[in-house]
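Have a look at the structure below before the remarks.
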Amino acid sequence: MKINIKKAFPLFFGIAIWVFFAFIYKYHLLYIEKMQMFLFTKDYFTETVRHPGGFGDYISRFLIQFYYYPAIGGAILALLLCSLQKEIFIFCKNINGKDYLYPLTFIPSFFYWALMCNENFTLTGLIGLIGAIWITNIYLRNKKNNAVFRGLFSFLIIPVIWLLFGGTAIVTFALILIAEFSIKKKYNIIVSSLTVISVIVTAILAPSVSPQVTNSNMFLGGNYYRYTNIPLSMFVLLWTSVVAVILIVKYIPIYNKKRISIVLTVAVICLGVCFIAKEYNKESENIMFYIDHVRSRDWNGIIKHKITDKKPSPIFTNSINLALAMSKNEEGVSLLGERAFKYYQNGLISLISKPENDWVVSSEILYNLGFINEAQRYVFEAMVIMPDNQTGTFFITRLAETNLIAGRRRVAEKYLHILKNTLFYHYWAKERLKMSEDDVNSDPIYGHLRKMQPKTDFLFNPDEFVRMLKIIFIQHPDNDLVRDYLLMAFLLDNNLNDFASLINSQKTIPHQYQEALALLYEINSIPSKNRFIKIEEPITKEVTHFIEMYGKNSGDASVLAKYFWGTYCFYYTFRY
Amino acid sequence: MKRLILFLLIIIISGCGHKPATSSFCDQLPEIFPDYTEITIPKNISPLNFRIKGNCTKVYAVFKGDKELTVKGKNKIIIPVGKWKSLINKKGEIKVTVKVKIDGKWIEYKPYSIYISDDEIDYGLCYRRIFPGYGAYNKMGLYQRELATFNESVLIENTILPGSCINCHSFAKGDPQKMQFHIRGKNGGTVIRVGESTKIVNLKNSVTKSCVYPYWHPSGKYIVYSVNEIKQIFHNIPDIILDVYDLESDIVIYDVEKKELILHPILMKDTQYETFPVFSADGKKIFFCSADSVKISTLKDFTEIKYSLCSINFDPKTGNVGDTITTLYNGEGASVAFPRPSYDGKYIMFTRSAYGNFTIWHKDSDLWILDLRSNKIRPLNELNSDDTESYHSWSASSNWVVFSSRRNNGLYTRPYLAHIDSNGVFSKPFILPQKDPDFYIGMLQSYNIPEFVTGKVDFSTKILEQPREVISLQQN
């Protein structure tokens, strides 16, 4: 069966993109969606489009809101990347490029696919690039060979593209020159000169249009990259690849035409896969998984998630510990005490990261513990330090909640009214606007957290997390989550005495807490009859066995790890 | 066909001028946002567009002064700028009648008045827009807003110097030709403009902390600064979120012409926190706030920091200060901050709260006034609300004030304007008008340090390319 590459390649390309982003890389899409807030208001529109490249930003953000459903987000990316390839192909066709070099037109799309694996590259650049090439195709398709029309068009289109889409105007410039010298020809020097003049005039006038940004930001215009220190070379390389592909397709002579399409298809796919493999960031995807699941309170999903890293980053352990603490087994016992040490732990940092390392998951932890003001502060700081100055729905929804819980209703309503202007948070906001104070009090989450807020004031110090837990525990001894965190904090710090003094009031003691107590009894040589808490026999035997093995193997961690990694005894003795 | 078109045209035109028939009267003022009922406005203020609170399908408003203006809308009244200007172009009173259509019926509310003062307000306001956050910051900038229109333009945004913080803008009696502001961060400095000359100076020195809160001498020859080491603390109960206090603070005087920072030991005592310095209207005194320094070890210690309003003589010829500090007001168990003398020399307005000096985070912070002629002090009940009132500033004529208030929702600071009459009584304050009455709902930044300016501020960011000038120190 003869395969038509021109039909098959784009189809499989599009499906591959969709599958990748909708399923393999979906948490990136969910994260990106939450880091912005697209509003259907006039002010949002004017604020977004008023700077050069702003129109591209507006379209980009409009489309990104649909990442709320990764299947749709994946489809959008597939459509855009396929459109990029198609526009390049159309341009090549219009300048009578060699048909059999068709597979080369996929290179820029593969390149951009790889860039999209980094959440800091926005859709604006991709939309801008498509727009820039599309406009040039309109120019090419125009049958008029009238030099006046061409001159006017090419003079005006550069600043228009820059104002609409930003720096991709430079691609339009390059493509117009190619078009002039390869196809149009009549008066092409005059037309090309006008294009060059247009670029120069745009560059001279740019600072007056966009005076409040750095030079590279002014050149690019739109928010192609979320940080102000833009990797300009990456975009230059990308745009150069578009031009290079077009020039190759047009001018490079190829002699063996028959097999070249197949060879090129394979080569381009291999190159593309290499690009994507290089940019694919599994760790980042995992972090975004945890952020998504912690926020949506899918504790089971977190617990079931497989971690392949032997020493995962603190965000992973913070998330797992929170999920375990928020979950109970059939006997109503906290899973944190049951099996925390079956996961990698690394001291107090496993419970909560320092704010300078992570505001986001830490905010969730503080929120659930009842430190509502601090949770609000963390989420506000996280929002404020977002590199592209966006206010994401992730933050605004949580700010609405913390203010609702704290009784700062007017502020909560402000955020909720703003969220009503979004597509996917409108209903969520509306439901909360309807809530009376009684409704908040009786809500299982809000009501509980409202009760667990500190009763008397104190100053929060993130460097003294254990002391903070103690303060709030004294005010709320019925806060089981705080109790669990305190117990874990003592265990992580090898502080068995404080652990034991807190454990007294427990009714059913989880497995690993019993193990820790048993270890304490053994260390202090407390005979069975004097042990104030009864430990289950198998647990006692396990601890005794560990101590024996420790002695027999001269404390060799690598030997003991085979049998005891995942027990508190091992953590206590060797840490992980 | 022609007859049909003519008939339709007649219907449309007659509909345009059609006054809705009132079904019922309500003896209360209409609930509008912003609240522009019974306020006093200058002749050069932008239209007071408003929205009806609650649900309605149509609204109809008649503004009756010397002329009459009718405006209709769905639930908002958006007044045409040109017609508004001709309505308020002389002193008088406008009676506003509002009718609202609810469930198919028109309800007419009790009319309210808007009083037009003969006292013109300054050209505009200059303020910083910033998130009402904690330690971190992102995009911020200095903006100016022309009061007669809705035009807001950027002076400078920190996007031009990524990572920088722009703050403490100040003008000599609102004069845009005499202004200063700080840029903190890499390539930072203090921008000081005097007439055509704009320089960036590096006020950092080996002796004092950073120069923070500025105030110009009326001559433009000096700027008095506080030098502060500032710290934030974070509370954990719903009623209060954040506090800011000084670990150290002193007062220094900068001679603009000589580029010299003058240090006077009497204003730099270790046992005192001296801050918020301002020159008197005649330039012969410095008013400032001072508190006994407190060793902070518990939460309660913060509540012990209470500032008094003080003054010291100042010699504009030499830059020297007097030997004696006079306490004008000790706060009566509370704390004073942000003294701002009126330019006519009659008053000092200040904020008063239970403790401390960073009053924007104190719900109990209110505006008070000291009459310098009679030495009487009173709270400005006509301006204050149940929420925070904080930073304030006078117009050049001293007939108008602008102040920061969080009365809308308790967090986002908005600028309010009010008139002061010859008896020292203030009119009901009103929020800075916006083209869309719902503007403030969606606005996620606060208005910080609103200052009047008497003309358009012309500022080019090219100044940032200049080298930072070094200053000298004069220690007395």
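Calculate how steeply helix B:2-16 sits against the longest principal axis of the alpha-carbon atoms of chain B, using the helix alpha-carbon long axis, and give the answer as 0 to 90 degrees to the nearest 10. That works out to roughly 50 degrees.
Here the dipole of chain A is about 2880 debye; that uses its Cα centre as origin and unit charges on the Cβ of Lys and Arg (positive) and Asp and Glu (negative). Inverting the pair-averaged 1/r between distinct Cα atoms of the range B:23-116 gives 13.3 Å as its Kirkwood hydrodynamic radius.
When only C-alpha pairs under 8 Å and at least 6 residues apart count, what is the relative contact order of chain A, in percent?
Values: 743 pairs, mean separation 80.3, N = 576.
RCO, chain A: 14 percent.
Across the options A:182, B:377, A:565, the greatest Cα extent toward the positive end of the charge dipole of the protein assembly as shown (unit charges at beta carbon of Lys, Arg, Asp, Glu) belongs to A:182.
Coordinate range of the alpha-carbon atoms in the protein assembly as shown per principal axis, descending: 99, 90, 73 Å. Name the lysines eligible as straight-distance cross-link partners of residue A:534: C-alpha to C-alpha under 16 Å, and not fewer than 8 places from it in the same chain. Hits, sequence-local ones excluded: A:507.
Set the bar at 22 Å for Cα to Cα. Now go through A:7/A:278; A:278/B:139; B:85/B:435; A:430/B:101; B:67/B:91 and name every pair that lies beyond it. With Cα atoms farther than 22 Å apart: A:7/A:278; A:278/B:139; A:430/B:101.
Across the options B:464, B:289, B:136, the greatest Cα extent toward the positive end of the charge dipole of the range B:124-470 (unit charges at beta carbon of Lys, Arg, Asp, Glu) belongs to B:464.
For the range A:518-524, backbone phi angles converted through the Karplus equation (6.51, -1.76, 1.60; θ = phi - 60°) give residue-by-residue couplings of 4, 5, 4, 4, 5, 4, 8 Hz, Gly and Pro being listed as x. With contacts taken as Cα pairs under 8 Å at a separation of at least 6 residues, the range A:53-138 carries a relative contact order of 43 percent.
Dividing the radius of gyration of the alpha carbons in chain A by their Kirkwood radius gives 1.09 for Rg/Rh. Compared with the dominant principal axis of the Cα atoms in chain A, helix A:257-279 is inclined by about 40°. Close amide H partners of residue B:58, meaning residues 5 or more places away or on another chain with modelled amide H under 5 Å apart, are B:101. Amide H contacts under 5 Å for residue B:41: B:115, B:116, B:117, restricted to partners 5 or more places along the chain or on a different chain, H placed in the peptide plane at 1.01 Å from N. Each residue of the range A:483-491 is assigned a 3J(HN,Hα), and the resulting list reads 4, 4, 5, 5, 4, 5, 4, 5, 5 Hz, derived from the Karplus form 6.51 cos²θ - 1.76 cosθ + 1.60 (θ = phi - 60°), x at Gly and Pro.
Charge tally around residue B:90: other residues with Cβ under 14 Å, Lys/Arg +1 each, Asp/Glu -1 each, net -1.
Helices in chain A, meaning DSSP H runs of at least 4 residues, each add -39500 (n - 2.57). Divided by all residues, the mean residue ellipticity at 222 nm is -20500 deg cm²/dmol. When only the Cβ of Lys, Arg, Asp and Glu is charged (+1, +1, -1, -1), the dipole of chain B relative to its Cα centre reaches about 2000 debye.
Tell me, what is the percent relative contact order of the range A:156-286, built from C-alpha pairs under 8 Å that lie six or more residues apart? Mind showing how you got there, number by number?
Details: 59 pairs, mean separation 30.9, N = 131.
It comes to 24 percent, rounded to a whole number.
For the range A:118-188 and the range A:8-57, compute the distance between their C-alpha centroids and round to whole Å. With the range A:118-188 and the range A:8-57 each reduced to a Cα centre, they are spaced 23 Å.
Among the listed pairs A:34/A:311; A:6/A:93; A:26/A:306, a Cα-Cα separation exceeding 18 Å is found for A:34/A:311.
For the range B:124-470, the pair-distance distribution built from all alpha carbon pairs, in bins 20 Å wide starting at 0, is 31, 63, 6 percent. What lysines could a cross-link reach from residue B:306, if we take a straight Cα to Cα line under 19 Å and drop same-chain neighbours fewer than 8 places away? Correct list for residue B:306: B:231, B:269, B:295, B:363. By the rule of a C-alpha distance below 16 Å, with chain neighbours fewer than 8 residues away ignored, the lysines paired with residue B:456 are B:173, B:178. Summing charges over neighbours of residue B:70, with a neighbour being any other residue whose Cβ is under 10 Å away from its Cβ, gives +3 when K and R count +1 and D and E count -1. For residue A:229, neighbours were defined as the other residues whose beta-carbon sits under 14 Å from its Cβ, and their charges (Lys and Arg +1, Asp and Glu -1) total +1.
Could you give the dipole magnitude of the protein assembly as shown about its Cα centre, charging the beta-carbon of Lys and Arg +1 and that of Asp and Glu -1, in debye to the nearest 20?
Numbers: 118 positive and 96 negative charges, 1005 e Å.
That gives a dipole near 4820 debye.
Projected over all directions and averaged, the alpha-carbon convex hull of the range B:229-319 occupies 7.4 nm².
Every number here is computed from the coordinates shown, using simple stated rules; none is lab data. Every value quoted in this text rests on a predicted model; they were computed, and no experiment measured them. Reconstructed Cβ throughout: ideal geometry from the backbone, glycine too, with neighbour counts over all protein chains shown.
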